[in-house]
Amino acid sequence: MLKLKLHDCYCRADNPYLASAVSAGSSKGNINMAPLVQCTNHMCPVRIHWHVKVNYKDYWRVKVTITNFNYRMNYTQWNLVVQHPNFDNLTQAFSFSYKGLTPYDGLNDTAMLWGVKFYNDLLMQAGPYGNVQSELLFKKDKSTFTFEKGWAFPRRVYFNGDNCVMPPPDAYPWLPNASSRLILSLLHPIVTILAAFAFLLAYA
């Protein structure tokens with residue numbers, strides 16, 4: 001499985017929006033309405049988690065989780081814009097609404113995702129309900145598909161119009177392009193043939 005965490009653009013220590021930070025068990029407070037962010041290793045108010053969940057022979061599945069770490073803000077009618085070359089072959093978005101964006105004629109590599117009304121269109125403040133998630137199913141185009149050099153992860157991500165901080169290129173994990181299930185299915189008859197050959201040699 002491949003996982004990548006994409007952080008919101010307000011991550012720097014000198015960020016003026018990051019007024020204060022608290023641990024997960026601290027009091028929220030009710031006087032100052034400046035951002036109050038849960039203490040994490042990234043210190044971002046929002047995190048986008050792109051998880052390559054399953055690698056099928058002809059398809060691959062991604063789980064996208066948006067987590068809010070701000071105790072004093074929820075996001076009503078949030079939206080997520082993701083650029084990835086395989087959006088041209090998106091088969092299904094399970095729990096998010098989807099619209100393809102085509103900034104260039106004939107090129108559909110950008111998608112807008114947003115919550116389903118009355119279901120997950122409200123991203124609650126930090127806490128047990130402070131996340132929304134969905135899975136995306138992509139069809140593999142064998143002429144372009146690869147898991148090498150971070151291809152499986154987005155090129156750009158925007159949350160509510162804010163450009164998210166992306167990891168450096170060497171932080172992207174790699175996986176084989178083919179499903180491991182196919183490799184195992186081919187391995188079984190090979191092992192069987194080798195075992196039969198060894199049996200024949202033993203009694204030759």
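Sort out which residues of the range 57-92 are within 15 Å of Q133 (Cβ to Cβ) and of a type in the set (A, V, I, L, M, F, W, C), and write them in order of number. Residues satisfying the conditions are V62, V64, I66, W78, L80, V82.
In this structure, does T102 turn out to be in contact with a Lys or Arg (Cβ under 9 Å, 6 or more places away or on another chain) and over 18 Å from G150 (Cβ atoms)? No, not satisfied. Scanning the range 131-153 for residues that are in a loop (DSSP other than H, G, I, E, B) and in contact with a Leu (Cβ under 7 Å, 6 or more places away or on another chain), we see that the one that is farthest from P45 (Cα to Cα) is F147. Within the range 103-122, the residues that satisfy the criterion of being exposed (fewer than 12 other Cβ atoms within 10 Å of the Cβ) and either modelled with pLDDT of 90 or more or not in a strand (DSSP E or B) (or both) are P103, D105, G106, K117, F118, Y119. Residue-level analysis places N86 outside the set of residues that are surrounded by 18 or more Cβ atoms within 10 Å (Cβ to Cβ), at pLDDT 90 or above and under 19 Å from Q125 (Cβ atoms). For residues that are at pLDDT below 90 and out of contact with any helix residue (DSSP H, G or I) (no Cβ under 8 Å at 6 or more places or on another chain), scanning just the range 128-151, find the one that is nearest to N74 (Cα to Cα). For the range 128-151, the residue satisfying everything is P128. Among the residues of the range 88-102, those identified as part of a loop (DSSP other than H, G, I, E, B) and either among the aromatic types (F, W, Y) or in contact with a Phe, Trp or Tyr (Cβ under 9 Å, 6 or more places away or on another chain) (or both) are F94, S95.
Whenever a residue of the range 39-65 is on the phi < 0 side of the Ramachandran plot and of a type in the set (S, T, N, Q), its partners that are modelled with pLDDT of 90 or more and surrounded by fewer than 19 Cβ atoms within 10 Å (Cβ to Cβ), lying with C-beta atoms within less than 9 angstrom and at least six residues away or across chains, give the pairs N55/R61; T65/H49; T65/H51; T65/N131; T65/Q133. Could you list, in sequence order, all residues of the range 64-79 that are part of a strand (DSSP E or B) and surrounded by 19 or more Cβ atoms within 10 Å (Cβ to Cβ)? Those that are part of a strand (DSSP E or B) and surrounded by 19 or more Cβ atoms within 10 Å (Cβ to Cβ): V64, I66, T67, N68, N70, Y75.
The values are calculated or read from the model by the stated rules, or taken from the named source; none is laboratory data. Quick caveat, the model's predicted, so the values are computed rather than measured. Note that each Cβ is placed from the backbone with ideal geometry, even for glycine, and that neighbours are counted across all protein chains shown.
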